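Asker: Please find one structure pasted underneath; my questions will follow.
Read-outs throughout are calculated quantities, based only on the coordinates presented, and are distinct from any laboratory measurement. This is a predicted model, so every value here is computed, not measured. Cβ atoms come from the backbone with ideal geometry, glycine included; neighbour counts cover every protein chain shown.
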Amino acid sequence: MSIILEKSKKYIHKIIKEKPDFGIFLLENQFNNIINVIENPICISYEEIPIFHENNLYGKFLFGKIEGKNIVFLIEPVFEENRKNSVFLCKKIGIDKLIQINICAGINSNYKMGDVMLVKDHINFLPESFDIKKIIKNNFITELYDQKMLEIAENIAMNHNIIIQKGVYVAFPYPNYKTCAEYAMIRSMGGDCVGINILTDVIIARSVNMRVFSIIIITNNLLLNPFSETEKSMHLLILIVKEFIKICS
């Protein structure tokens with residue numbers, strides 16, 4: 001794995017000369033407004049990169065600048081089972097800060113559609129993965145979501161009079177209908193929203209000492225079309241993310 005990652009790193013360095021400050025993880029093209037913020041974009045598809053081509057992975061890296069900082073968007077399929085290579089490669093090319101941006105269904109009755117939520121912790125209903133067990137080995141990760149990053153985002157929101165939520169993300173392997181009893185169970189456990197698997201990327205990133213910040217937009221139901229329903233909240237999320245990138249070091 002390390003040899004293949006080194007080949008992938010060299011391939012990227014032939015094209016990208018500056019080390020990115022942030023990796024920003026997006027699933028599919030659900031956040032085109034954010035992607036449009038990037039300056040001087042350079043796109044590298046996964047099919048071009050040795051490790052990704054050999055493992056039939058699909059997606060793309062989009063390198064550029066936001067607020068004067070070097071960033072790379074990782075734009076990937078929602079149900080890609082093997083996304084760990086992209087996180088490892090980010091670490092290999094020098095990224096130590098990962099931002100996750102996502103949309104998920106709110107189950108906290110105090111939340112409304114379009115709320116922006118900062119993830120403070122998560123509950124994982126995914127089957128235990130042998131690959132993840134091998135990756136983290138005996139490491140005990142006590143802080144998955146960086147508290148200093150959370151404080152920065154909270155201060156940005158306060159300074160701009162943006163009302164935000166801070167809650168617990170609950171992960172299921174795939175979007176599916178849940179009964180009232182199931183929602184009540186999740187809520188009783190402390191869950192505030194429900195989404196698909198983004199937690200594997202968080203765990204892997206923390207296992208290689210990357211700092212993680214996760215921000216989401218709340219919708220009513222993942223089985224509907226949440227992207228059009230939450231469009232009004234997108235400019236608030238973009239404002240927070242741009243300011244966050246500018247301030248966070």
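Asker: Check each of the trypsin sites (Lys or Arg not before Pro) in the stretch 1-51 and keep only those in coil by DSSP with at most 16 other C-beta atoms within 10 angstrom; list them in order.
Answerer: When the trypsin sites (Lys or Arg not before Pro) of the stretch 1-51 are filtered for loop state and at most 16 Cβ neighbours within 10 Å, Lys17 remain.
Asker: Cut-off is 10 Å between beta-carbons; in what order do Ile38, Ile15 appear when sorted fewest neighbours first?
Answerer: Ile15, Ile38
Asker: Could you rank the peptides 185-191, 96-102 by their average count of other C-beta atoms within 10 Å per residue, with the highest value first?
Answerer: The peptides rank, most packed first, as 96-102, 185-191.
Asker: Suppose the chain between Lys17 and Leu239 were pulled fully straight at 0.36 nm per residue; how much longer would it get relative to their current alpha carbon spacing?
Answerer: Fully extending the segment from Lys17 to Leu239 adds 77.2 nm.
Asker: Which distance in nm do the two modelled labels at Ser2 and Cys43 give, with both placed 7 Å along the Cα-to-Cβ direction?
Answerer: 3.5 nm
Asker: Arrange the peptides 147-158, 61-72 so that the one whose residues have, on average, the most other Cβ atoms within 10 Å appears first.
Answerer: 61-72, 147-158
Asker: What is the stretch 145-209 by shape, rounded, prolate or oblate, if you read a ≥ b ≥ c off the alpha carbon gyration tensor as root eigenvalues and call it rounded for a/c under 1.5, prolate for a/b larger than b/c, and oblate otherwise?
Answerer: oblate
Asker: Pairs to check: Lys9/Lys97; Lys19/Lys91; Lys84/Lys120; Lys120/Lys232; Lys7/Lys65. Give those whose C-alpha atoms are more than 19 Å from each other in this structure.
Answerer: Lys84/Lys120; Lys120/Lys232; Lys7/Lys65
Asker: I've got another one for you. In nm, to one decimal, how far is the modelled label at Glu182 from the one at Ile163, with both set 7 Å along Cα→Cβ?
Answerer: Placing both labels 7 Å along Cα→Cβ, they lie 3.0 nm apart.
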